[in-house]
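The structure appears right after this line, and notes come after that.
The values are calculated or read from the model by the stated rules, or taken from the named source; none is laboratory data. Worth saying up front: this structure is predicted, and the values here are computed from it rather than measured. We place every Cβ from the backbone using ideal geometry, glycine too, and count neighbours over all the protein chains shown.
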Amino acid sequence: MRDISRRSFALSITVSLIGFFTIYAGLGWSEVAQQMTPLLIAVHDAPVPFKGSDGQVHLVYEVWLANISSGEADIQDVEVIGDGGVLQRLDAAAVSRRLQPAGLREASGVLARGTQSILFLNVILPNGSPIPKQLLHRIKAHYSAAPPGQQEITETGGATTPDLQPVAQIGAPLRGDGYVSADSCCDATRHTRAALPINGRVYVAQRYAVDWEQLDANGRIYSGPREKLESYTIFGKPVYAVADGVVAVAITGLPEQTPGKYPTNIPIEDADGNAIIEDIGGHHFACYAHMQSASINLHRGDRVKRGQIIGLVGNSGNSVAPHLHFHVMSSELSLASNGLPYQIDAFKVTGATPGTEAFDEAEANGTPLAINVFSPPHQIENSLPLDQLIISLSPR
């Protein structure tokens, strides 16, 4: 056994009064410096690359940050690195709009001591560039609890490999003109940031969800009394299976909600209202939610064909206005699943709204929604419809 008693052995530990420390160990023949990393960085669900209706490839995912210090961490800069090159940079202002404390929906660029936050990313790859083999995240932050002169710390972490699983290619769940892709991918907060603690894990099942609503000829979401279901253009429209598949879940028997206000005390199992969850193969499940109960005549195990009518648009479950909620996920559980992208094989984009705020105002007041009309319309193929577009859907 080697005798190291004659070698010099020194251990120097400097600990600040507020919890930060640096350790240096001298073992005679070597010296090891241990770097302080007060921010823990992790990616739980690797992004699945897909093509959006803007013609670009998107990587949509979340980076979990944990502030393991005794003071605030103010995130100043984030760089997403792919195969050694910077793919995206977020300054402090951009971070403050995308970083949300775990369990909250209000964004903040500051992590309180001993807390976790989720950074919601939408990385758009340069046209023609390959999918990176690995993603890393370089994060610079100011730590209030660190000793003077040591408060700026930059870390690199959260390594993940993009998931190259096949993206589901589907048809449209509706037919007709004037549909609005409300709260769709990739920066709308209602779905893309719906991180929910279910069954002992945080899931973002609705990462790529869309609330399909429809405008009438005058650009209104509804015309007539707001609380009347029949006032809404989309109410009662047929819902079509987006692919051949098998019914995994069929929920019926739930009442229509009164439009204009969110229902209260909705059990988690009733949140989707009357709904169909269809196994479309390849570990992909399509969720069609908030339909009319009497319109669903399917049961678990029934086979459906693409283009088959599976129900009518309603306002059941956790819904403030008639619409079709649609998303694709990794299991038949509508919340305890990993949200997956999909690409509709063909649709036409005829315009765009001014944004979510304008849409919500038009929905609340029954006023015409201002539209930026595209002339000529954009014919789109094999893409995921992005947020706040005016879309015509037809069978292919």
Residues satisfying the stated conditions in region 230-276, i.e. modelled with pLDDT of 95 or more and among the β-branched types (Val, Ile, Thr)
Thr233, Ile234, Val239, Val242, Val246, Val247, Val249, Ile251, Thr252, Thr258, Ile276
Within the bounds of region 163-176, is there any residue that is assigned to a strand (DSSP E or B), of a type in the set (Lys, Arg), surrounded by fewer than 24 Cβ atoms within 10 Å (Cβ to Cβ) and in contact (Cβ under 8 Å) with a residue 60 or more places away in the chain?
no
Checking the conditions here, which among Ile277, Ile310 is assigned by TED's automatic domain parsing to the domain that holds Ala205, out of contact with any His (no Cβ under 7 Å at 6 or more places or on another chain), farther than 15 Å from Ser334 by Cβ and of a type in the set (Val, Ile, Thr)?
Ile310
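Each row is one residue, and each column tells you yes or no for (1) surrounded by fewer than 19 Cβ atoms within 10 Å (Cβ to Cβ); (2) within 18 Å of Val313 (Cβ to Cβ); (3) without any contact (Cβ under 8 Å) to a residue 60 or more places away in the chain; (4) not assigned by TED's automatic domain parsing to the domain that holds Val95.
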position	(1), (2), (3), (4)
Glu155	yes, no, no, no
Tyr179	no, yes, no, yes
Cys186	no, no, no, yes
Ala195	no, no, no, yes
Ile198	yes, no, no, yes
Tyr203	no, no, no, yes
Arg220	no, yes, no, yes
Glu230	yes, yes, yes, yes
Val246	yes, no, yes, yes
When the residues of region 31-75 are filtered to those that are assigned to a loop (DSSP other than H, G, I, E, B) and polar (S, T, N, Q), which remaining residue is modelled with the lowest pLDDT?
Gln35
Test Val210 against the criterion of being closer than 30 Å to Glu106 by Cα, in contact with a Phe, Trp or Tyr (Cβ under 9 Å, 6 or more places away or on another chain) and of a type in the set (Val, Ile, Thr), and give yes or no.
yes
Exactly one of Asn372, Asn338, Asn297, Asn315 is in contact with a helix residue (DSSP H, G or I) (Cβ under 8 Å, 6 or more places away or on another chain), assigned by TED's automatic domain parsing to the domain that holds Pro238 and of a type outside the set (Lys, Arg), and that residue is Asn315
Which one is farthest from the chain's Cα centre (by Cα), of the residues in region 349-387 that are in contact (Cβ under 8 Å) with a residue 40 or more places away in the chain and under 27 Å from Leu164 (Cα atoms)?
Ile380
Being more than 22 Å from the chain's Cα centre (by Cα), surrounded by fewer than 19 Cβ atoms within 10 Å (Cβ to Cβ) and among the β-branched types (Val, Ile, Thr) is the filter here, so list the residues in region 248-288 that pass it.
Val249, Thr258, Thr264, Ile266
